[in-house]
Amino acid sequence: MSQPFDPGQDGPSGPRRGRRSRAHLLLVLLLGAEAALLWAAVIWLILELLTDQPTSFASALAILGIAGIAAAWVTTITVATLRGRSWIRAAAVTWQLVQVFVAIGCFQGFYARPDVGWALLVPSVLVIVLLFTRSVVEATSTREP
């Protein structure tokens, strides 16, 4: 005789989702902070566009569009991470690599900003490490119904 499925136990769809590990919550927090900072950058770019005369209006709009798309994408990754979706690891690693490459660029050149480089590099490396911790992999390995 089979017992009814209890959603609080391991079952056909994988491990229970009631409690999240600290690593999973830290990952969501870091991704959420990245998303919030990207949205703040979008707002700042809009205000700059409205209050200052850009050298190239088309370039200013393009940068604003790219920043908006990035903010929406990182927000989507954050929500999907909170929901334990399996596709987030590839998306999050891709975004973190973009940030790592921008950070490397911040360490060199005529207008080098090592402070910005470290502010991008440290969370990116931490997120990449968290993405492959056992508890996060388990939380994001179940297939969606």
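Since every read-out is calculated from the coordinates, none of them should be taken as a lab result. Not measured: the values here are computed from a predicted model. Note: ideal-geometry Cβ built from the backbone for every residue, glycine included; neighbour counts use all protein chains shown.
A few comments on the model shown:
- Residue by residue, region 102-112 carries 3J(HN,Hα) couplings of 5, 4, 4, x, 6, 7, 9, x, 5, 9, 4 Hz when phi is fed to the Karplus relation 6.51 cos²θ - 1.76 cosθ + 1.60 (θ = phi - 60°); x denotes Gly or Pro.
- Estimated 222 nm signal from helices in the chain, with DSSP H stretches of n ≥ 4 weighted -39500 (n - 2.57), rounded to 500: -23500 deg cm²/dmol
- Note on A40 and L26: the model spin-label points, each 7 Å out from Cα along the C-beta direction, lie 2.2 nm apart.
- For the chain, the residue among L49, A139, F107 whose Cα projects farthest onto the positive side of the dipole built from Cβ charges is A139.
- Across region 22-139, Cα pairs under 8 Å and at least six residues apart give a relative contact order of 32 percent.
- Ranked by the mean number of other Cβ atoms within 10 Å per residue, highest first, peptides 47-59, 22-34, 102-114 order as 22-34, 102-114, 47-59.
- Across region 21-130, counting alpha-carbon atoms alone, Rg and Dmax equal 15.2, 48 Å.
- Ranked by how many other beta carbons lie within 10 Å on average, peptides 79-86, 115-122 from highest: 79-86, 115-122
- FRET efficiency, L61 to Q108 (Cβ-Cβ, R0 30 Å, nearest 0.05): 0.60
- In this rough spin-label picture, where each label sits 7 Å from Cα along the Cβ direction, the R134-A72 distance is 4.0 nm.
- Dipole magnitude (debye, nearest 20) for the chain, charges at Cβ of Lys, Arg, Asp, Glu: 560 debye
- What separates the Cα centres of region 69-88 and region 90-134 is a distance of 18 Å.
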